[in-house]
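Please treat every number below as a calculation from the coordinates, not as lab data. What you are looking at is a predicted structure, and each value in this text was computed from that prediction instead of being measured. Glycine gets a Cβ as well: all are built from the backbone with ideal geometry, and neighbour counts include every protein chain shown.
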Amino acid sequence: MPARDLIDQDATAQLAALGAGRVGAVELLKAEFARHEHTHQRLNAVVAADVERALERARAIDDQRGRGEASGPLAGLPMTIKDTLDVSGMPASSGLEGLRRRQADDASAVAHVRRAGAVIWGKTNTPVMAGDWQTYNRLYGTTNNPWDSDRTPGGSSGGSAAALAAGVTALEVGSDIGGSLRVPASFCGVFSHKPTWGLVTQHGHVPPMPGSWVERDLNVIGPMARSARDLRLLLSILSDSPLAPTARAADLKATRIGLWLEDPLLLLDAEVRTAIEAFAAELSAAGAQVRPIASPVDIAALLDAYVLLLGSVVAEDIPASRLRAMELMRGPARLARRAGAGPLSWAAMTLAHTARHYEWTRADAVRARLSHQMSGVFEKVDVILAPVAPVTAFQHNHKPFNRRKLVCSNGLTAPYASMLGWISLATACHLPVTAVPAGLGMSGMPVGVQIIGPRGGDARTLAVAQAIDENVRGWTAPDLAV
């Protein structure tokens, strides 16, 4: 198979071809870069490249393989990295001009994949400080969805998801604090895994600003790919805990799946719901034990706690002048909340960004209680199947946040912060989630789902995802004709 066709296969298939000598690392790298050049004007997914150094590394790996020397599990595989992770020679700018030219060593996660033999050649675009469900910044511009250039690929790992869907890369390392691995995977029709919090070290991720050694609450670093088996492989390399790089897929006939599609506080557009219901029917037809469940925890309490925990983390990245302005709005924000403003309102966000420590400890206590409740839920079901996002990928909208609205398929609008709803459970409670493609909505855009598991149950969600990928449905390539 020519390298130009091989790059549409998943990473596992590419590694098999490399190991069998059917393709060389240099040839594969050149094919990926050619795909990048062919699609760059349309997508703007990979925004910085170090091809010469990558070619040197690929040649060295080809020479090693030719001598029969042992190689790592990713030996010769070309990879790109989200531009929130430091890469030697290509530091993480996180969309900021002031960070573009600094010198940096590999982030810990990047060092892991480099030691495994990966050939890192590019950085993928991200919103400023990874702070949006769209991917654009003044430094590198706007990244487009491979399925429809007028729409966002999601964020903050939007460049990563677009590059994967387009065959520009086979594996990616992204991050997630507000859906940043899951939303782009859903919007672009690829796979991602949000690990249990703490499974993968965050050192070398920006934000926080360079030089920090903090392991931020809620934030995780995880793999993105075009197959579930690739997620497992990459997570085993990224993780500081022993995880099998390969394992058997779950037996769908023995898998109890709780289908969660209902809550009055969580928006779900009819287009997304219809696609997920059809997907659930496919799982049932394949033998899975799928049954509807109610919200597994009190969603009002969850959203209140999650928004405050999230706002407390994000506040570290907000300019001091803006925080001072928010402090002046605490009084009106409290009044608005008492008058009925919801947990995803501007008032809730203002109070979260300016939270006192005792308010954080109260939210943390709620999170601990809800996490304990989730342990009981997973005695009744093996995994929970839920939406990732309330809508499919939407058109680019770079207005100020407080002027943005989500537009549903029936024309009704909803607050932009509704994007936080479905992803909040796993993030707040530090649970693992594997995001898988569930098919296309009526608009022709991808719809993804979350496979949520118990804390530490990463192997479980990946095994279920692999069973779905191999027996029900997986990645579908977008039409990239230009």
*Which listed residue, of S239, S321, S284, is among the polar types (S, T, N, Q), surrounded by fewer than 16 Cβ atoms within 10 Å (Cβ to Cβ) and closer than 30 Å to L164 by Cβ*: S284
*asked:* Please return the ranges of helices (runs of 4 or more DSSP H) entirely within region 310-362 where 1 or more residues are within 24 Å of L265 (Cα to Cα) and among the small types (G, A, S).
replied: 330-338, 346-353
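For region 105-116, does any single residue satisfy the condition of being touching a strand residue (DSSP E or B) at 6+ places or on another chain (Cβ under 7 Å) and surrounded by fewer than 24 Cβ atoms within 10 Å (Cβ to Cβ)? Give the steps one after another, and end with the answer.
Looking only at region 105-116, we keep the residues that are touching a strand residue (DSSP E or B) at 6+ places or on another chain (Cβ under 7 Å), and these are 106-107, 109-110, 113-114.
From what's left, surrounded by fewer than 24 Cβ atoms within 10 Å (Cβ to Cβ): 106, 114.
Checked region 105-116: at least one residue is touching a strand residue (DSSP E or B) at 6+ places or on another chain (Cβ under 7 Å) and surrounded by fewer than 24 Cβ atoms within 10 Å (Cβ to Cβ).
Test S160 against the criterion of being among the polar types (S, T, N, Q) and part of a helix (DSSP H, G or I), and give yes or no. If you could, list the steps in order and put the result at the bottom.
Details: among the polar types (S, T, N, Q): yes; part of a helix (DSSP H, G or I): yes.
Spelling it out, S160 is indeed among the polar types (S, T, N, Q) and part of a helix (DSSP H, G or I).
Take the residues in region 117-137 that are within 17 Å of the chain's Cα centre (by Cα) and part of a loop (DSSP other than H, G, I, E, B), then tell me which one is surrounded by the fewest Cβ atoms within 10 Å (Cβ to Cβ).
Step one: list which residues in region 117-137 are within 17 Å of the chain's Cα centre (by Cα), which gives 123-136.
With part of a loop (DSSP other than H, G, I, E, B) added as a condition, the list becomes 125-127, 131-135.
On the way: N125: 31, T126: 34, P127: 24, G131: 19, D132: 24, W133: 26, Q134: 25, T135: 36.
Checking each candidate, the answer is G131.
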*Contacts under 8 angstrom Cβ, first residue in region 356-370 being farther than 11 Å from L309 by Cβ, partner not in a helix (DSSP H, G or I), 6 or more apart*: L370/V297; L370/D298; L370/C429
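Okay, residues lined up against (1) among the polar types (S, T, N, Q); (2) under 25 Å from the mean Cα position of the chain (by Cα); (3) crowded, with 16+ Cβ neighbours inside 10 Å:
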site: V314; (1), (2), (3): no, yes, yes
site: G331; (1), (2), (3): no, no, no
site: A355; (1), (2), (3): no, no, yes
site: L385; (1), (2), (3): no, yes, yes
site: T392; (1), (2), (3): yes, yes, yes
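Considering region 8-22 alone, what residues qualify as being closer than 13 Å to W475 by Cβ and buried (at least 21 other Cβ atoms within 10 Å of the Cβ)? Outline the logic, then answer.
Narrowing region 8-22 to residues closer than 13 Å to W475 by Cβ: 8-13.
Scanning region 8-22 gives D10, A11.
Looking at G68, G72, can you tell me which residue is assigned to a loop (DSSP other than H, G, I, E, B), among the small types (G, A, S), farther than 25 Å from T152 by Cβ and free of Cβ contacts under 8 Å to residues at least 24 places away in the same chain? Break it down into steps so the answer makes sense when it comes.
Values: G72 fails: free of Cβ contacts under 8 Å to residues at least 24 places away in the same chain.
Exactly one residue qualifies, and that residue is G68.
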*Scope region 242-271; condition surrounded by 12 or more Cβ atoms within 10 Å (Cβ to Cβ) and not aliphatic (A, V, I, L, M); matching residues*: P245, D251, T255, R256, G258, W260, E262, D263, D269, E271
*Can you name every residue in region 177-194 that is under 8 Å from the mean Cα position of the chain (by Cα) and outside any helix (DSSP H, G or I)?*
G179, S180, L181, S192, H193, K194
